[in-house]
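One structure is given here, and the rest of the page talks about it.
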Amino acid sequence: MVNAALHKALQGIESISGMAPLPVQRAASSLGVKLLQREQRTRPALTIKERCLLLPHYYEDLVILEKETGRSFAHWRDPENSRTRRALDIDGRFGTGFTSIDRPGRR
């Protein structure tokens, strides 16, 4: 509920971006993003249906990745891939525990 409200607020800030000075826009956006990324928790695995909906969007990227690396990533196209392997171990801070999920190395 809180995250949904924060998400709406960020969308509102973006929609009026031309009205407020740039420093105000950046400060409001930065605060909103930090609040949305405040939690440390793992995400549930995607369902097979969710993977089937997402995979077509990444097909071209997988083709490029395979071409550039000379490796096969066919298992990434498998909708049941996440069900047949265990989750990776977490060591230290992860995901939303960072100051910026887009730049996890920066503080």
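The values are calculated or read from the model by the stated rules, or taken from the named source; none is laboratory data. Bear in mind the structure is a predicted one, so any value in this text is a computation, not a measurement. We place every Cβ from the backbone using ideal geometry, glycine too, and count neighbours over all the protein chains shown. Note: accessible area is taken over every heavy atom of the protein model, side chains too, but ligands, DNA and RNA are not part of it. Shrake-Rupley method; radii C 1.70, N 1.55, O 1.52, S 1.80 Å.
Largest to smallest in accessible area, the residues D78, D89, D61 fall in the order D89, D61, D78 (1.4 Å probe, all protein chains included).
Taking a straight Cα-Cα cut-off under 15 Å and skipping sequence neighbours fewer than 8 places away in the same chain, the aspartates and glutamates within cross-link reach of K34 are D102. Return the distance in nm (one decimal) between the two label points of a simple spin-label model at E14 and L53, each offset 7 Å from Cα along Cα→Cβ. That separation, rounded to one decimal, is 1.8 nm. The accessible area of V2, taken with all protein chains in place and a 1.4 Å probe, comes to roughly 90 Å². Other residues within the sphere of radius under 15 Å centred on the Cβ of E66, judged by their own Cβ, net out at -1 (K and R +1, D and E -1). Working note: Karplus 6.51/-1.76/1.60 with θ = phi - 60° gives the range 64-76 the couplings 5, 4, 5, 5, 6, 9, x, 10, 8, 10, 4, 5, 5 Hz, where Gly and Pro are set to x.
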